[in-house]
Structures are given as structure tokens and as C-alpha cells.
Amino acid sequence: MIINGVAIDDTFAEAFGMRGTRVIITAQNLKWAYNAANAMTGFATSVIACGVEAGIERELEPSETPDGRPGVAVLMFAMGSAVLMKQLETRMGQCVLTCPTAAAFSGIEGGDRINLGKNLRFFGDGFQISKQFGGKRYWRVPVMDGEFLTEEKTGMVRAVGGGNFLVLAESQPQALAACEAAIEAMKKIPNVIMPFPGGVVRSGSKVGSKYKTLIASTNDAFCPTLKGITKTDLSPEIESVMEIVIDGLTDEDVRKATRAGIAAACELGAKNGIKRISAGNYGGKLGQFQFHLREIMA
Amino acid sequence: MSALTFTLKTAPQQRIDCSPLTSDNLAEKSAAEIGAIELQHGNRKVRVDALFDIAGTDANDIVIHNGCDKLDYIGHSMKGGRITVHGGAGCYFGFQMKKGEIVLHGNADAFAASGMAGGSMHIHGNVGDFLASAIPGDRKGMKGGLVIVTGNAGDRVGDQMRRGIVLIEGNVGAYCASRMLAGTIGVMGSVGDYIGYGMRRGTLLLFNTPKLHATLQDCGTHTLPFLKLMFKSFSGLPSKFATFNMNRVQRYAGDLANDGKGEILVFI
């Protein structure tokens, strides 16, 4: 399959079942909602070392938020419910509770109910106040800027993490430009995040390492500087490879985002140095989900 | 199916315990069986059909006509359905109701919504003392649900109230929110003396500055974000409270003689 001169590999991305949740963060204005959300989703690129993968899904109009203020929706994913609950609580406590004017609300109505602000209330040292409206419990915690308002619970659902595709280009700037275009397109798709910096990862990994203590190491088959000394997957003209990793609430969401991203990257085409689109997998033995690139782009 | 209607034949001399007349209690009973139910009437028991004309079949939608202040315990422990009363109700209106909807077009006497744990109550009229309060011997008053009163309420509104929302569009008497444990009471009109006496926790929303006793302390003026949420949740209610959207208040805390975690918010 070739789109605009870009070859689409006959391969698939292998993704895993995860647990996901959404939190709505509001503040006095969008700037402070972002300050809270950026802190909350910081150091959350990969479950390998961060515990969770998190990102800002989208901005929310005041009419879309529970308290009528501007806000953002944050999605957070982890390999298990215990880790997700722990990370959510920690990040809420250190990043949202601390952020001036910020408030936090449930972003998923169904699913398993997990603690959002339930235990943060104890920061109130006995001065916290519970309020129940519309069947939901909220906590008002007195803080130095006024009151921190948070919903007690949010929803946790089964989700999909690790969807991906690789952009292979003739130069580093061209690979980055294609990835930037892809991310812009993918940000319009609901229910997904691309957790790496700017949505793009350059250090794609393979399982294992020559060093016993490492569980993952550089994906040498896609490293352009190693073309001559390893079993490479790259043709001679490829000088840079970048990857976009996608986490979504459902496999359909990941599929839509993959399609939108590849389409945007391919729009730049071969004339802009974009030569191939590939994907990372483990031979189909580890992940529950397979996203075949050619099926998605058909 | 038409509403199951009870029309009081004559104004009773003695009080009538109407607690059996709830949807869950009357479901799947024939008209004859309903008529044969005995209600406590003063010191004797009287059949329902001796007191009321009965019409209709839908026990999920009960209507009482010619209601008066002798009809006690209407909607006692009801677990669903709807009861509509035209004309007035006695004491313990909606006593310990769990779910469902109860509407009164008239006035209610004391202890309305006492022990109420869920559902909604709408009183289009005035209500006596001890609205949403605990009866003597109980440690908790209203424990959940929503009460709307379009008229005035008597003394001791929300005494030992534990949870739920009470919205009063008129005035209230003395000792409002006394010994309140939690929940929310809103009063659009004036409030009597000794407001929040012994109040432990809970929120009292007022539109007029009350007369405060010494153990209620001024905490200053504030913009409280939760009020927007609260008024948003009120927006669909058949009440004047649905028309407001304010979050700027003067906050008083107390009663400091009893833990002092309650709050009186006066809109400014």
C-alpha cells in the first residue's frame, strides 16, 4: 500500500489492555487549568518507569464543565487498577490540590468508581465539608486561596494502551514535521492521548537488553546510525525514525486516532521526505490488540 | 390506569394515622382489600372505606382529596410512587420516607420530613415546627432527599438534620438548624432567633442577614465555587431556588459551643 508516495508496511501495532480514567480540571481561566493539568500529566510518558501514561485530551468550554469554568480533560492510563488509583491520588494531591483556583471532577460517569478527592479531604484537618448534589458527593477543602473543590469519585474503565506507528523519513526535520502534523490531527480525536513529549517518541524500544538489569533497550533495528552493524529494518535513504504512541479508552478510539495520524503524515508525502509508515509489535504474542496498518488505512 | 384517589368524606374529629396508604403497601390490592384496611382513628380503628371514597386503581399514583390537619403520617416510610394531597396534612408528613415523590397542596403540621431518607417532598403552603427534624428520642432528623416549601416554616427547622436539602421560599421561625449535623437548608425569607443553635456541621443558605448569637463567628466574604454546582443542581427544580446562580457570600461559622463546623452563608 502506498499513500502519496509513502509506503505503508504490512504490519501491525500491538497494544495492551489497560485501565483508564478521565478527570476534568477546571480553574479561574484556561491558563491555570493547564498549569494543573500539565503538572498532573508530567512524568507520565510510559508505564515502564512512570507508573501511568497521562495526557491532556482536550480543552473544555465553560458550558461543558460541572462548575461552568474553563477546563481541560485529562486521561490517565495504567496497567492495573491499583497503580492507577494510587497514581491518581498522588497526582491529584500534589498537582491539582496545590494549583491555585483549580477544581477536579469526574470525567467518566460509568465504570468502576475510584477515589478522586475522597482521601484528599483529610488535608482539610477536620474543616473539610462534604456536599451531595445530583447524587454526587463533593468535598470542599479549605486552602489558602479559598476552597479546593473536588468530586469524591471518578470512573475507571477498561482501556487500550500502546497503539503506535512509526514515521520513517529521509531526515530528522522531515520526520518531526510529519509527526507534528500527525499529532495535530490526532488531537481532534476524542478519548485518546499521545503520552510522550509533544506526542512523539524518538527512543522506541525493544524488549530486553544485553545488560541483565534492563527490561527494555533501544530498538536497534530502527536506529539509522546502526544500519551497517545490526539487523536493520531501514533502507539506505532513511535517516530518522520517530514513533507516536496512542492510548485510548477503546480500541476503536485508537484505530481512529491511528488513521488520522497516518493520514496527516502521509499528506506531506514522499516529496517531503516521508518514505514509510511502520509499527511496533512483539510478534503478536504479548498484546491483546492488533492494529493492522493497511486495514486501518484501507 | 387512573390515580388511586381517596376523598375524605367528612372532616374527622380525631386524628387519623394514614401510614398504610402508600404505593408499596397498596400495590396489587383490590379496591375491596384497600377499603378493608383499618386505620387508627383516635382510640379506635376504622376501615378506609368508612373514611374515604375510593376511586381509581393506580397505586403508584395516590391522590388524597379534602386533606386536613388531622391526617397524620401521610407517606410514612414510602418506598416509591407518588402521593399528591389536596387540602392539607397533619403531623409527620412524609415521615421516614425512603423514595418516591410526595406533594402537598396545602399546609402541613409539625415534623414533616422527619427521618426522611430519600425521595422528594414539595409542600405548596406552610409547614409547622420541626420540619426535617428528629422526633424526641431519635438522634437524627432528615437523612436524605429533597424538601421544597413554598410558604413559611415554623420553629426548629432541621433540628439534628443529618443529610439532604431543605429549600424554604418563605420565612422560618426560631432555632433554625439547631443541633444540625449535616446537610443543606436554604431560606429565602427571614429567620427567627437563635439560628444555628448547637449546630455541629451543615450549611445554612440565607438571603437576609440573621440575628446571630455569640458563638457564631464571622469568617468574612468569599466566592465559593461549590455554590455554582449547587445552584446548577437546583436548576430543574420547581422552586424559586432554581432561578438563582450566586456564589458570593458572607460566611459565618458555628456553633462554636458545639464543635463549630457548621456554616451560615448569607448571599451578598
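The values are calculated or read from the model by the stated rules, or taken from the named source; none is laboratory data. All values reported here derive from a predicted model rather than from experimental measurement. No Cβ is skipped: glycine too gets one built from the backbone with ideal geometry, and neighbour counts run over all protein chains shown.
Residues that are at pLDDT 95 or above and either not assigned by TED's automatic domain parsing to the domain that holds A:Val74 or not charged (D, E, K, R) (or both) were ranked within region A:131-145; the one that is farthest from B:Ala182 (Cα to Cα) is A:Met144.
If the condition is being within 15 Å of B:Ala117 (Cα to Cα), touching a Lys or Arg at 6+ places or on another chain (Cβ under 9 Å) and away from chain A (no Cβ under 14 Å), then region B:139-157 contributes B:Arg139, B:Lys140, B:Gly141. Counting only strands (runs of 3 or more DSSP E) wholly contained in region A:110-170, the ones carrying 3 or more residues that are away from chain B (no Cβ under 14 Å) and within 30 Å of A:Ala182 (Cβ to Cβ) occupy A:153-169.
Checking each residue in region A:197-219 for being crowded, with 17+ Cβ neighbours inside 10 Å and either touching a Pro at 6+ places or on another chain (Cβ under 7 Å) or modelled with pLDDT of 95 or more (or both) picks out A:Gly199, A:Val200, A:Val201. Here A:Leu293, A:Leu286 are screened, and the one residue that is under 19 Å from A:Gly204 (Cα atoms), buried (at least 21 other Cβ atoms within 10 Å of the Cβ) and not hydroxyl-bearing (Ser, Thr, Tyr) is A:Leu293. Working only within region A:65-97, note down all residues that are small (Gly, Ala, Ser) and away from chain B (no Cβ under 14 Å). Residues satisfying the conditions are A:Ala73, A:Ala78, A:Gly80, A:Ser81, A:Ala82, A:Gly93.
Per-residue answers, yes or no, for (1) in contact (Cβ under 8 Å) with a residue 40 or more places away in the chain; (2) small (Gly, Ala, Ser):
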| residue | (1), (2) |
| --- | --- |
| B:Thr184 | yes, no |
| B:Val191 | no, no |
| B:Leu204 | yes, no |
| B:Lys211 | no, no |
| B:His222 | no, no |
| B:Ser235 | no, yes |
| B:Pro238 | yes, no |
| B:Gly254 | yes, yes |
| B:Phe267 | yes, no |
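In region A:1-103, counting only helices (runs of 4 or more DSSP H) that sit wholly within it, the ones holding 3 or more residues that are surrounded by 15 or more Cβ atoms within 10 Å (Cβ to Cβ) and assigned by TED's automatic domain parsing to the domain that holds A:Glu152 span A:30-40, A:81-91.
Might you let me know whether region A:272-279 holds any residue that is touching a residue at least 12 places away in the same chain (Cβ under 8 Å) and of a type in the set (S, T, N, Q)? The answer is yes; a qualifying residue exists. A search for C-beta distances below 7 Å between a residue of region B:1-18 that is under 12 Å from B:Ile54 (Cβ atoms) and any residue that is small (Gly, Ala, Ser) and not in a strand (DSSP E or B), counting only pairs 6+ apart in sequence or on different chains, returns B:Ser2/B:Gly56; B:Ala3/B:Gly56; B:Leu4/B:Gly56; B:Thr5/B:Gly56; B:Leu8/B:Gly67. Within region B:155-162, not a single residue is small (Gly, Ala, Ser) and more than 10 Å from the chain's Cα centre (by Cα).
Only one of the listed residues (A:Gly283, A:Gly287, A:Gly228, A:Gly269) is at pLDDT below 95, over 17 Å from the mean Cα position of the chain (by Cα) and within 30 Å of A:Ile108 (Cα to Cα). That residue is A:Gly287.
Per this entry, B:Gly260 is counted among residues that are within 14 Å of chain A (Cβ to nearest Cβ) and in a loop (DSSP other than H, G, I, E, B).
A count restricted to region B:51-92 and to residues that are farther than 14 Å from B:Asp24 by Cβ and of a type in the set (Lys, Arg) stands at 1.
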